[in-house]
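> Provided herewith is a single structure, encoded as structure tokens, for subsequent inquiry.
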Amino acid sequence: MTKVFNISTARTLDESLSIITPSVAKEISQNNPNNRKFRMHIAQDYARQMRLNRWGKSPEAIVLTKSGILVNGQHRIWAIIETGISCTADVVVIEDKDFDSVFEILDQGASRTASDILKIDSKQILPINYLLRCAGLQKPKPQDLKVFIESPMGEILAQVCSLKLKGKVWKHTGFKAALAISILSGAITKERAFEVLSQLNAGSINDWPAIFSQLYIQLTDPAKQLKINGRSFENDWFTRSVYSFVNVDKPTKTIRLSKSFNQEVKNISMAALYAINPDFLE
């Protein structure tokens, strides 16, 4: 008979944890016939967190049936085997007859976003997430993002968020990432960049610096085929915005992107990221 929960007598997390060694994980993995589709990118991400010593206590259980069939936790089990690192986990054993009913309800809750975990406005996080993905970090975790949020890059983006920007171009993740990179690379001073931003947010297109009027036209032209890859520094919302900040006080009024300029944008972006965290790709 199932007892009524009583918080005073309930097990603590420490009391419910078991150590899963690589040898135990191998044994568990051999009895996994009916699990959901294995997602290698998730397992590799877990392995990365384990190697970085980020894998702490978690109440999310590894679930097995009494005969040893794995119900939940296959990606963690793979990561333990792959890394050779023992991890602690809450292990729950269910009756074999309950496999289907338990399996059906697993992983149906709403997952927490980085914004939820870090308690930071997602508008501040998204430009950093974009830059890290472009740099090659497949799935930035809150721990990855936190370093950049607490850096000058995060301070710049927090200030941008406080302005309550108008219009989809100036609110765009790529535009805000470009503003941060332009400042951090020294292409434009922070004071001048925010002066330009204030102009864009307050005036009409006729009051904007000419290069930004051109940027707005290019990015909102429905006939123009834009590069919008969210994992590429050559995303037009980002690269064309960098071009505009770099050239705002120069005579040029037209945005022309060359291969050499695109490469330079990648170089200054990577340099800015490495300056904040030299180990961010480990």
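> If you take every DSSP beta bridge fully contained in region 14-105, what fraction is antiparallel? Give it as a percent rounded to 5.
In region 14-105, DSSP labels about 60 percent of beta bridges as antiparallel.
> Non-local amide H neighbours of residue 71 (under 5 Å, H modeled in plane, Pro and chain starts lacking H): which ones?
63, 64, 65
> Rounded to the nearest 500 deg cm²/dmol, what is the calculated helix-only ellipticity per residue at 222 nm for the chain, with -39500 (n - 2.57) per DSSP H run of length n ≥ 4?
When only DSSP H runs of four or more count, the value is -15500 deg cm²/dmol.
> Each residue of region 137-152 in order: what ³J(HN,Hα) in whole Hz does its phi give by Karplus 6.51 cos²θ - 1.76 cosθ + 1.60, θ = phi - 60°, with x for Gly and Pro?
Each residue of region 137-152 in turn: 7, 4, 9, x, 9, x, 5, 5, 5, 4, 4, 7, 5, 8, 9, x Hz.
> For an R0 of 30 angstrom, estimate the FRET efficiency from the Cβ-Cβ distance between residue 18 and residue 53 and round to the nearest 0.05.
0.95
> Please work out the Cα center distance from region 212-282 to region 179-198, rounded to the nearest Å.
Here the answer is 14 Å between Cα centres.
> Straight-line reach from residue 123: which aspartates and glutamates have Cα under 13 Å away, leaving out those fewer than 8 places along the same chain?
The qualifying aspartates and glutamates are 155.
> So, one more: So how do 239-245, 218-224 stack up, highest first, on mean other-Cβ count within 10 Å?
Highest to lowest by the protection proxy: 239-245, 218-224.
> Take residue 205 and residue 138, extend 7 Å from each Cα along the Cα→Cβ direction, and tell me the distance between the two endpoints in nm.
4.3
> Let's test the formula: R0 of 22 Å, r as the Cβ-Cβ distance of residue 159 and residue 119. What FRET efficiency results, to the nearest 0.05?
Result of the calculation: an efficiency of 0.75.
> Report the rotationally averaged projected area of region 125-213 based on its alpha-carbon convex hull, in square nanometres.
Projected over every direction and averaged, the Cα hull of region 125-213 covers 5.9 nm².
> Taking K and R as +1 and D and E as -1, what net charge do the other residues with C-beta under 9 Å from the C-beta of residue 57 add up to?
Overall, the nearby charge balance is -2.
> If you don't mind, there's one more thing I want to ask. Please list, in order along region 180-197, the HN-Hα scalar couplings obtained from phi with the Karplus expression 6.51 cos²θ - 1.76 cosθ + 1.60 (θ = phi - 60°), rounded to whole Hz, x for Gly and Pro.
Running phi through 6.51 cos²θ - 1.76 cosθ + 1.60 with θ = phi - 60° gives 4, 5, 4, 6, 5, 7, x, 5, 8, 6, 4, 4, 5, 4, 6, 5, 4, 4 Hz.
> May I pose another question? Report the label-to-label distance for residue 34 and residue 195 in nanometres (one decimal), using points 7 Å from each Cα along the Cα→Cβ vector.
Placing both labels 7 Å along Cα→Cβ, they lie 7.0 nm apart.
> Moving on to the next point. Report, ordered by chain and residue number, the lysines lying within cross-link reach of residue 224, taken as a straight Cα distance under 18 Å and ignoring same-chain residues fewer than 8 apart.
The reachable lysines, counting only those whose Cα sits under 18 Å from residue 224, are 168.
> Mind giving me the FRET efficiency for residue 229 and residue 93? R0 is 41 Å, r the Cβ-Cβ distance, nearest 0.05 is fine.
Working from the Cβ atoms, E equals 0.35.
> A further question on this structure: Compute the normalised compactness of region 114-276: alpha-carbon radius of gyration over 2.2 N^0.38 Å, N being the residue count.
Output field value: 0.98.
> In addition: For region 13-81, just say rounded, prolate or oblate: build the C-alpha gyration tensor, square-root its eigenvalues into a ≥ b ≥ c, call rounded for a/c under 1.5, and beyond that prolate if a/b exceeds b/c, oblate if not.
Oblate, because a/c is 1.5 or more while a/b does not exceed b/c.
> Now for a separate question. Which whole number of Å³ per residue matches the convex hull of the alpha-carbon atoms in the chain?
181
> Separate question: Can you list the lysines whose alpha carbon is less than 26 Å from that of residue 37, not counting same-chain residues fewer than 8 positions off?
Residue 37 reaches 26, 57, 66, 97, 139, 141.
> A further question on this structure: Over the chain, what is the percentage of antiparallel beta bridges among all DSSP beta bridges, to the nearest 5?
Among the beta bridges of the chain, antiparallel pairing accounts for roughly 60 percent.
All of the numbers you see were taken from the coordinates with simple rules; none came from a lab. Keep in mind the model is a prediction, meaning the values are calculated, not measured. FYI the Cβ positions are ideal-geometry reconstructions off the backbone, even for glycines, and counts take in every protein chain you see.
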